[in-house]
1. Restricting to the stretch 222-234, name every residue that is buried (at least 23 other Cβ atoms within 10 Å of the Cβ) and under 11 Å from Lys126 (Cα atoms).
2. Just the residues that are in a loop (DSSP other than H, G, I, E, B) and farther than 17 Å from Phe248 by Cβ, please, taken from the stretch 161-190.
3. So, Cys29, is that one among the hydrophobic types (A, V, I, L, M, F, W, C), within 16 Å of the ligand (Cβ to nearest atom) and not assigned by TED's automatic domain parsing to the domain that holds Gln203 or not?
4. From Ile80, Ile73, which residue is crowded, with 17+ Cβ neighbours inside 10 Å, more than 16 Å from the ligand (Cβ to nearest atom) and among the β-branched types (Val, Ile, Thr)?
5. What tally of residues in the stretch 191-223 results from selecting those that are assigned to a loop (DSSP other than H, G, I, E, B) and touching a residue at least 24 places away in the same chain (Cβ under 8 Å)?
6. Give the residues of the stretch 84-105 that are within 15 Å of the ligand (Cβ to nearest atom), of a type in the set (A, V, I, L, M, F, W, C) and more than 10 Å from Ala48 (Cβ to Cβ), sorted by residue number.
7. Scan the stretch 87-101 for residues that are touching a residue at least 60 places away in the same chain (Cβ under 8 Å) and touching a Phe, Trp or Tyr at 6+ places or on another chain (Cβ under 9 Å) and report the count.
8. Counting residues that are over 22 Å from the mean Cα position of the chain (by Cα), which helices (runs of 4 or more DSSP H) fully inside the stretch 1-100 reach at least 3?
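The values are calculated or read from the model by the stated rules, or taken from the named source; none is laboratory data. All figures in this text were calculated on a predicted structure; none of them were measured in a lab. When we count neighbours, we look across all protein chains shown, and the Cβ atoms used for this are built from the backbone with ideal geometry, even at glycine.
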Amino acid sequence: MSVKARRADVNDTVKMSLLCEVDGSCPLCRRDLVVKKKKKNVRVFDVAHIYPLNATKHELAILTGEELLSDDIDCEENFIALCKECHKIYDTQKTVGEYRQLVAIKKEINKIKELSKVWDKQTLHKDISIVANKIGLLDGNSIEKTMLSYDALKLSDKRDETFGFINQTKVSQFILTFFIPIKEALKDLEKQEKAKSTFICSQVKSYYVLLLMKDFNQDEIFEKMTDWFMTNTGITDRSKSEVLVSFFIQNCEVYSKC
Ligand SMILES: [Zn+2]
């Protein structure tokens, strides 16, 4: 009799991580993996092995030569959260097509995880908060003199329909009003040998690409970037943060096709 392979101890932390990886819905049928029952959130998913832990003869035959996510079958790299129905079907009637589909999904997840690890070590240059303070001190008279002309607005060719009309209007107005004062404030920073705007631009662009790879739409990206500016610089006024994000959309070609 063959010895059965071990089954890893999948604790709650691992389960929550797997649930987050698939954004709370089954990657095969999109069913919610957490449901409300008697006002309580109940998890209704299984942790599935993408490559089977105890492969049957049939599975060994159909998966010969297929890509493996990890040398160790019984580890997180080979796990995915599935709804109970899909898990049952996957484990009893596996097809190469479904196996490849799950491998592709998990590879994308692993890639994002790697990116996040790298990103956690990087932050937005804190001196941008000096610029934010200067914006707060501007008055109507000084702004009138530095208004950008509509012709200079580069936003319209960057947004897509997920950005929305309200965001477009808001960001356009922020750019027209604040672009020149922000550009000058950044130049001042450079003169004082503080943050370089090209450096900040590359940070903002990198964060944008990270969000894009996580499949956020443009409206969500604008939200997340505003949050990111706030947490990384200590800016407490959300609209100031939105003004800065708008500046970088214009100045660093954020939202342009990568
Ligand atoms: Zn499912």
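1. Hit for the stretch 222-234 is Phe229, nothing else.
2. Hits for the stretch 161-190 are Glu161, Thr162, Gly164.
3. yes
4. Ile73
5. The qualifying residues number 4.
6. Result: Ile89, Ile105.
7. Matching residues across the stretch 87-101 total 2.
8. Here the list reads 57-62, 84-92.
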